[in-house]
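Quick notes on the structure that follows.
The values are calculated or read from the model by the stated rules, or taken from the named source; none is laboratory data. As the structure is a computational prediction, the values presented were derived from the model and not from experiment. Methodologically, a virtual Cβ is constructed for each residue, glycine included, from the backbone with ideal geometry; neighbour enumeration extends over all protein chains shown.
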Amino acid sequence: MLFEKSGLSEKESFFDMNLRVLHIVEGTSVDGPGLRTSIYLAGCNHHCPGCHNPDSWNPQGGEERTLDELMAVISYNEAPVTLSGGDPLQQPDGTRALIRRIKQELGYNVWCYTGYTWEEIAANPKLLEVVQELDVLVDGPFVQAERDISLRFRGSRNQRLIDVQRTLASSDPTTPTTIQ
Ligand code: SF4
């Protein structure tokens, strides 16, 4: 079942995973509503012209952090979380595990940025697993011709703020339900 929640049921799996992290910003208001903990993950092969942060493309960039280390920072801040980069979906197993731990252990709201479109994710079971428990996905590459500095929480008009849970619960989960 393409949209059924599955996988990573063994708790041990979560403790074995690390993520390569570029940096963590605590108390930021630019990556989603409210004051959030933003975690920037290394690695992105979308290579969008005009990318705000080409230094994030290297998958070996940043430093390796355990999930326990990241959970400690998130828990200390008692704030919603945004995963950005880079593209968090290019560290799929660790990102999936981190999202699950945040939701199950803390219940915080989680946003994630990606250069993939929702349609690409919906057609890829591995990527779809990663986003299963997200609240909001900001999808799609940065497109210079669509750049618009008036947009909230995104850089170009093609990018969408997708309500993941409403989309997955809809009769057609391949069509994203967006928020403003
Ligand atoms: S998806 Fe984001 S990080 Fe990756 S190249 Fe595009 S703008 Fe840069």
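What number of residues in the range 157-180 are of a type in the set (V, I, T) and modelled with pLDDT under 95? Before the answer, list the steps.
Initially, the range 157-180 is screened for residues of a type in the set (V, I, T), giving 162, 164, 167, 174-175, 177-179.
After this cut, where a residue has to be modelled with pLDDT under 95 as well, the list is none.
Qualifying residue count for the region: 0.
What pairs can you find where one residue is in the range 72-92 and touching a residue at least 60 places away in the same chain (Cβ under 8 Å), the other is outside any helix (DSSP H, G or I) and of a type in the set (S, T, Y), and their Cβ atoms are less than 8 Å apart, with a gap of 6+ or different chains?
Filtered contacts from the range 72-92: G85/Y40; G85/Y113; G86/Y40.
Restricting attention to the range 37-59, does a residue exist that is within 14 Å of F153 (Cα to Cα), crowded, with 16+ Cβ neighbours inside 10 Å, among the small types (G, A, S) and more than 9 Å from the ligand (Cβ to nearest atom)?
Initially, the range 37-59 is screened for residues within 14 Å of F153 (Cα to Cα), giving 38, 52.
Remaining after also requiring crowded, with 16+ Cβ neighbours inside 10 Å: 38.
Within this subset, residues satisfying the condition of being among the small types (G, A, S) are 38.
Now restrict to residues that are more than 9 Å from the ligand (Cβ to nearest atom): 38.
So far as the range 37-59 goes, yes, one or more of its residues are within 14 Å of F153 (Cα to Cα), crowded, with 16+ Cβ neighbours inside 10 Å, among the small types (G, A, S) and more than 9 Å from the ligand (Cβ to nearest atom).
Quick one: would you say L127 is among the hydrophobic types (A, V, I, L, M, F, W, C), part of a loop (DSSP other than H, G, I, E, B) and without any contact (Cβ under 8 Å) to a residue 40 or more places away in the chain? Show your work before the answer.
Details: among the hydrophobic types (A, V, I, L, M, F, W, C): yes; part of a loop (DSSP other than H, G, I, E, B): no; without any contact (Cβ under 8 Å) to a residue 40 or more places away in the chain: yes.
No, not satisfied.
Answer yes or no: is there a residue in the range 122-134 that is on the phi > 0 side of the Ramachandran plot and not aromatic (F, W, Y).
No, the range 122-134 has no match at all.
So R157 passes all but one of these: (1) surrounded by 15 or more Cβ atoms within 10 Å (Cβ to Cβ); (2) charged (D, E, K, R); (3) under 16 Å from C48 (Cβ atoms). Which condition number does it fail?
Single failed check for R157: (1).
In the range 96-122, what residues are free of Cβ contacts under 8 Å to residues at least 12 places away in the same chain and not in a helix (DSSP H, G or I)?
Passing the criteria: only G107.
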